[in-house]
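Since every read-out is calculated from the coordinates, none of them should be taken as a lab result. If you're wondering where the values come from, they're calculated on a predicted model, not measured in any experiment. In this analysis, Cβ positions are derived from the backbone assuming ideal geometry, glycine residues included, and neighbour counts consider all displayed protein chains.
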């Protein structure tokens with residue numbers, strides 16, 4: 001009955017390494033080496049003992065080498081070793097979700113920036129919300145090495161529950177199916193807002209994910225919707241973009257991954273991006289046709305601030321509403337890049353005021369000067385003003401001020 | 001049981017340290033010493049070579065001539081930081097001479113001085129009075145040092161020499177360039193470190209002064225930051241330091257997103273509180289967060305077309321850029337941290353070298369630390385009363401020195417810029433492990449979780465009232481940190497009957513003590 005498992009990393013700030021050896025006799029021994037021994041040594045030992053008891057393990061040697069891991073990391077690492085030894089154990093050691101992490105994400109919310117954070121690097125997860133990205137993606141896919149895929153799931157699960165992302169949309173990029181389906185068990189019941197589906201090539205992939213999410217929602221009595229954001233990363237995906245965008249009512253955005261896409265079409269990824277121009281257009285069209293948000297790829301050179309700015313400018317001109325970020329320093333630049341211009345804001349204000357004027361008169365026709373205003377234009381104007389407000393470009397009560405100034 | 005009493009900050013202070021009576025801290029500005037300053041003996045130039053050549057064979061010879069004996073006080077200085085090679089050779093030599101029970105009075109010691117532990121164990125060195133960074137601090141914390149450590153700020157060290165609290169018998173000054181008369185500077189030579197300000201008091205007050213150099217040039221050595229008129233002997237060595245560790249090629253800005261945010265909040269605070277205006281002044285250190293702060297502030301200064309009158313070093317390339325781009329009239333520099341700083345000090349008359357005498361000196365008719373408009377510093381811990389610790393970690397281990405930190409607290413706006421926790425170690429706590437700076441002098445604490453203004457500073461609170469800075473009560477930040485870290489940390493496990501070191505306030509009173517870590 002001897003079983004051995006390990007998880008985590010040694011000598012890595014904010015992480016710990018856990019080694020569990022299940023024995024036939026001898027009770028529990030806990031051997032702890034910790035950077036924070038004198039401050040939290042006792043608390044760590046107590047937590048470890050509590051967990052082994054919870055999992056009904058009576059004889060085991062547990063070794064922990066801790067480099068200042070926060071409680072959500074420590075418990076994730078310990079549970080990963082337990083589950084490696086006993087894959088049949090279904091119970092989960094879960095901390096309660098703090099009140100402040102119970103916020104919801106709306107379907108229509110802004111998704112200008114989404115910060116990718118490797119799911120197995122606690123140090124980067126802890127402060128991911130600091131720069132207020134619209135979304136934080138805990139990545140289980142490409143940023144996680146195959147050997148630690150399983151233990152990363154516990155980190156991501158616990159982070160979803162316990163880490164304060166300061167209002168950011170909690171997103172998880174699952175692995176390609178079928179592995180991605182199991183990933184869902186670790187995220188759907190734990191407060192994920194949106195699931196990113198990588199390397200999406202057809203509608204069936206989206207449907208398969210959606211079906212499993214609905215099963216989990218019923219099982220765990222989850223009222224809030226779990227949204228989907230398929231990532232198109234191949235030529236076939238681009239061809240099937242509209243089918244992918246419309247495969248599920250839960251889908252809120254469609255995005256493109258250019259690194260894999262360019263490899264797939266046999267081209268090199270360039271700064272100008274001519275090789276992906278059509279594909280990106282196609283993604284925008286498919287998303288708009290489906291009534292969801294088109295979101296651009298990441299800009300992968302962290303040090304090239306000017307390049308990022310140009311890339312955002314281009315993305316905006318193509319119709320994209322957001323961009324992926326691989327470093328917190330890109331977030332503000334992305335937000336500034338997607339901010340509406342003063343002329344956009346002024347025009348939007350005029351449209352909204354014209355609409356209200358028309359409503360007052362009981363007229364169904366909105367006109368600005370000699371031009372008729374159609375509903376999509378009004379909708380866009382509303383969104384521009386909402387964005388301008390989020391960016392501190394206009395006050396919430398701009399209408400009153402306009403009226404006062406108008407008079 | 002040790003005898004002692006609580007000082008004005010509520011910290012227990014023993015009656016004696018190293019068998020000498022101590023004065024407990026009385027509160028900021030409440031201890032006014034009187035009397036006469038210490039004075040060195042009367043010298044006569046007739047006792048020195050007429051040809052001005054004071055070069056002797058080696059350090060052994062110089063120490064013998066200086067009359068070094070058991071129980072004396074020997075001083076060194078930390079201009080070479082972790083690249084110093086002189087102190088190790090010095091104590092090897094003293095050990096060879098069979099001399100015991102030396103009181104070592106460094107301006108600071110670094111991890112490179114770990115070899116001196118064997119001399120502490122053998123009894124060559126009795127104890128250290130000076131900042132202990134790293135291994136020597138740990139040795140002291142474990143209760144292994146024969147005497148008790150005494151930590152003073154840069155200004156406090158200068159003060160102790162001036163008022164005779166510490167009499168230096170032999171000062172050993174490592175100098176990147178010297179002439180045979182003993183005129184010396186830090187500007188040139190392969191071990192160039194910029195300036196030699198920390199050795200100034202020792203050169204003036206010590207009985208005997210030895211200059212050690214690896215770049216002996218013909219008289220005169222200009223500029224003479226250290227005057228040969230104070231120097232007894234000059235010794236040459238092949239290598240007095242490791243240039244790569246004395247100054248770095250370039251100092252690095254932090255890449256940690258949390259620290260960058262802290263730096264940005266700090267710069268924004270200075271801007272929005274109205275401190276950043278024409279002819280203002282500030283000081284920031286050379287840590288990654290401080291450097292990032294300077295780049296943010298520079299951006300704001302350019303946007304607002306504001307120029308500083310002076311900035312205080314430790315200088316780095318980032319301060320030098322401010323000077324060279326005309327964004328400040330002067331750099332008043334205490335030490336240079338990179339090659340750009342050294343170059344600028346050598347070439348630019350507006351890059352001025354200072355010493356603890358000009359900047360931090362308590363026994364003086366004013367010092368300019370209190371003229372500086374804003375200073376940005378770090379800390380290992382800060383408590384909800386804005387008291388701060390810079391010397392021990394939360395486990396009680398003594399691992400850092402005070403440096404100029406206490407002296408800088410007298411700035412018009414003292415800002416501590418720190419992460420709210422490091423790994424799982426809370427920085428914002430209920431009560432600091434060791435008190436180094438009283439909350440009366442600490443005005444603002446900037447963390448990645450928000451900015452706390454000391455309620456004592458209503459003026460600052462008013463100034464930023466309408467800004468969109470993330471202002472938070474310090475208790476709120478502390479609560480959040482405890483949430484993240486999984487509760488309050490356990491108190492350090494120390495032996496309260498075993499005081500291993502004392503922390504002096506700038507005026508020479510004792511503000512706290514450090515206990516043996518179990």
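Here are the numbers for this structure:
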quantity: R0 of 45 Å, Cβ-Cβ distance residue B:364-residue A:281: FRET efficiency to nearest 0.05; calculated: 0.05
quantity: Global geometry of chain B, whether rounded, prolate or oblate, following the gyration tensor of its Cα atoms and the 1.5 cut on a/c; calculated: oblate
quantity: Cα-based shape type of the range A:306-400, given that a ≥ b ≥ c are square roots of the gyration tensor eigenvalues and the cut on a/c is 1.5; calculated: prolate
quantity: Antiparallel DSSP beta bridges within the protein assembly as shown, percent to nearest 5; calculated: 35
quantity: Principal-axis tilt of helix A:149-162 within chain A, Cα atoms, nearest 10 degrees; calculated: 70
quantity: Angle between chain B longest axis and helix B:474-485 axis [Cα atoms, degrees, rounded to 10]; calculated: 80
quantity: Neighbouring partner chain Cβ atoms per residue of B:483-494, average, 10 Å criterion; calculated: 5
quantity: Taking A:355, A:216 and counting other C-beta atoms within 10 Å, the order from fewest to most; calculated: A:216, A:355
quantity: Modelled FRET efficiency - R0 45 Å, residue A:108 with residue B:476, Cβ distances, 0.05 increments; calculated: 0.90
quantity: For the range A:31-83 versus the range B:248-282, the gap between their alpha-carbon centres in whole angstrom; calculated: 39
quantity: Per-residue [θ]222 nm for chain A (sum of -39500 (n - 2.57) over DSSP H runs n ≥ 4, rounded to 500); calculated: -13500 deg cm²/dmol
quantity: Ordering of B:407-416, B:221-230, B:423-432 by burial proxy (mean other Cβ atoms within 10 Å per residue, highest first); calculated: B:407-416, B:423-432, B:221-230
quantity: FRET efficiency, 1/(1 + (r/R0)^6) with R0 56 Å, evaluated for residue B:20 and residue A:56 via beta carbons; calculated: 0.35
quantity: Fully extended contour minus Cα-Cα distance, from residue B:146 to residue B:430, at 0.36 nm per residue; calculated: 99.0 nm
quantity: Per-residue mean of C-beta atoms belonging to partner chains within 10 Å, peptide A:122-131; calculated: 3
quantity: Highest-fluctuation residue, A:352, A:155, A:137 considered, GNM on chain A with Cα pairs under 10 Å; calculated: A:352
quantity: In nm, spacing of pseudo-spin labels at residue B:36 and residue A:207 (7 Å Cα→C-beta vector); calculated: 10.2
quantity: Principal-axis tilt of helix A:203-219 within chain A, Cα atoms, nearest 10 degrees; calculated: 60
quantity: Between the range A:276-347 and the range B:165-234, the alpha-carbon center distance in angstrom; calculated: 61
quantity: Residue B:8-residue B:229 pseudo-label distance in nm [points 7 Å out on the Cα-to-Cβ vector]; calculated: 3.8
quantity: Ranked packing of A:204-210, A:47-53, B:182-188, most packed first, by mean Cβ within 10 Å; calculated: B:182-188, A:204-210, A:47-53
quantity: Principal axis box of chain A, alpha-carbon based, largest edge first, Å; calculated: 88, 52, 44
quantity: Pairwise label distance in nanometres, residue B:65 with residue A:2, each label 7 Å out on the Cα-Cβ vector; calculated: 7.1
quantity: For A:31-43, mean number of other protein chain Cβ atoms within 10 Å; calculated: 5
quantity: Fully extended contour minus Cα-Cα distance, from residue B:518 to residue B:43, at 0.36 nm per residue; calculated: 166.1 nm
quantity: Helical contribution to [θ] at 222 nm, DSSP H n ≥ 4, -39,500 (n - 2.57), averaged over chain B, rounded to 500; calculated: -6500 deg cm²/dmol
quantity: Residue order, fewest to most surrounding Cβ atoms within 10 angstrom, among B:377, B:398, B:2; calculated: B:2, B:377, B:398
quantity: Paramagnetic reach from residue A:25 in the range A:58-84 [backbone N under 17 Å; point 7 Å along Cα→Cβ]; calculated: A:58-61
quantity: Cα gyration tensor shape of the range B:60-193, rounded if a/c is under 1.5, else prolate or oblate by comparing a/b with b/c; calculated: rounded
quantity: Residue exposure sequence - B:56, B:494 - by fewest surrounding Cβ within 10 Å; calculated: B:56, B:494
